[in-house]
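Comments concern the structure below.
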Amino acid sequence: MKTDFNFKWKPRQIITCFVAVFGMGFFLSFLVLCDLGTDPATFMNLSASRAVGLSLGNWQLIINIVMLVVVLIFKRSLIGYGTIFNMVLIGYYVDFFDWIWGRLLPADTFTTPISRWAIFFVTLFGFIISAAVYINSDMGVAPYDGIPILIGEKVAGGKKLLAMTVRILWDAAAIGAGIIAGGVPVIGVILMAIFLGPAISLVGKLMRKNR
């Protein structure tokens, strides 16, 4: 079902969305270097980018364009400013900050157990909050998130449990693809799955109160 795009001119929400995407890329750069796990989409894309020899930014843009075509065909209302920010910027932010941290921080910052775990938990929290703000800005969804929404609408018929199952299976497929590409899923993937949903709900309530 085709509907209008979600390019609503709401400067405050657009800025909020852009800042949230920046935060996701910033915090994700630390999570990648800590090598203790990321969200399923990043795990898949990072594993695949390493396997084919592309930077995360370049690979993520390519795979997002492919997924965007699917969303564009079936439900354009899922596409907005946030879709573009997410698919274009996050991977390149990670590449950029990876380059920065490699020149500014001591070589053992992400290998010494105490600093590694401390950075991981702080930046995991920052990433989850940034992702929750991004989703609740209502400026469109990432292509990766759009496809399970489309599938869920087709097979779930409005039933939340079935739609949730579709999302879980989608994330599981992403993790499986990452494993096939040579990645090893670790604790961060599990923590992301546990805490991202509640964080989205909590941040959504806070944002609605302030509107």
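Of note:
- Within the shell defined by Cβ-Cβ distances under 13 Å, the residues around M24 carry a net charge of -2, with Lys and Arg each +1 and Asp and Glu each -1.
- Relative to the longest principal axis of the Cα atoms of the chain, the long axis of helix 113-136 lies at roughly 20 degrees.
- The ellipsoid that matches the Cα gyration tensor of segment 2-129 has semi-axes, each √(5λ) in whole angstrom, of 29, 17, 12, with the longest given first.
- Computed over neighbours whose Cβ is under 14 Å from that of L56, the net charge equals -3, Lys and Arg +1, Asp and Glu -1.
- Whichever aspartates and glutamates have a C-alpha closer than 19 Å to that of K8, once near sequence neighbours (fewer than 8 apart) are set aside: D138
- Contact order, relative form, for the chain: 36 percent (alpha carbon pairs under 8 Å, 6 or more residues apart, mean separation divided by residue count).
- In units of the rule-of-thumb radius 2.2 N^0.38 Å, segment 11-209 shows an alpha carbon radius of gyration of 1.00.
- Packing rank of 57-68, 95-106, where each peptide gets the mean count of other beta carbons within 10 Å, highest leading: 57-68, 95-106
- A helix-only calculation puts the chain at -26500 deg cm²/dmol for mean residue ellipticity at 222 nm, using -39500 (n - 2.57) for each DSSP H run of at least four residues, averaged over all residues.
We did not get these values from a lab; they are worked out from the coordinates using the rules stated. Not measured: the values here are computed from a predicted model. Counting neighbours? That spans all protein chains shown, and the Cβs are built from the backbone with ideal geometry, glycine included.
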